[in-house]
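Structure below; questions to follow.
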Amino acid sequence: MNLPELGVGLTWFAGLEPVLEANAGLIDVLEIEPQTFWRRETAEKTLVVDQPLLDALRQRPIPKLIHSIGVPVGGTCLPRAAELDLLRHVALELEVPWLSEHLSFNRVEDETGEWHTGFLLPPRLTSPVRP
């Protein structure tokens, strides 16, 4: 597989546009954390992407990568379908050559229900102890 050599990158966030404009030609690639522009619709609590912001990112004439910060792959809870759908949507819209995610977990489920850890935690690194 031939992956593109992308050069010097910068992690994008809302409000960075003046820096990008002032340094046009010095930044070769943008790393996008898509969860930073996802919103919950108040009526249905549905997760949506800020489409005008995504459109503005898509129009930037430099390559983009996605580094997801909300769908970690190191736990036992499967990612939520709505989050995966939005992640896929953003990746396709921005035509990214690859997407990365944390090898960690941030949700736990037990007999009392599911809860958020509040932080990205490492996956278990040892085998379970058998009696």
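The values are calculated or read from the model by the stated rules, or taken from the named source; none is laboratory data. For clarity, every value in this text was computed on a predicted model and none was experimentally measured. Neighbour counts are summed over all protein chains in view; Cβ atoms, including those assigned to glycine, are modelled from backbone coordinates with ideal geometry.
Within the bounds of the range 47-58, is there any residue that is in contact with a Pro (Cβ under 7 Å, 6 or more places away or on another chain) and either modelled with pLDDT of 90 or more or not in a helix (DSSP H, G or I) (or both)?
no
Let me ask another. Taking interchain pairs and intrachain pairs at least six residues apart, which have beta carbon atoms under 8 angstrom, with the first residue in the range 4-21 and within 16 Å of ALA56 (Cα to Cα) and in contact (Cβ under 8 Å) with a residue 12 or more places away in the chain and the second of a type in the set (Asp, Glu) and outside any loop (DSSP other than H, G, I, E, B)?
From the range 4-21, the pairs are THR11/GLU31; TRP12/GLU31.
Search the range 105-122 for residues being in contact (Cβ under 8 Å) with a residue 24 or more places away in the chain and loosely packed, with under 13 Cβ neighbours inside 10 Å, and hand back the single one that is farthest from GLY74 (Cα to Cα).
GLU114
Could I ask something else about it? Do we have ASP28 as over 30 Å from GLU114 (Cα atoms), of a type in the set (Asp, Glu) and loosely packed, with under 15 Cβ neighbours inside 10 Å here?
Spelling it out, ASP28 is indeed over 30 Å from GLU114 (Cα atoms), of a type in the set (Asp, Glu) and loosely packed, with under 15 Cβ neighbours inside 10 Å.
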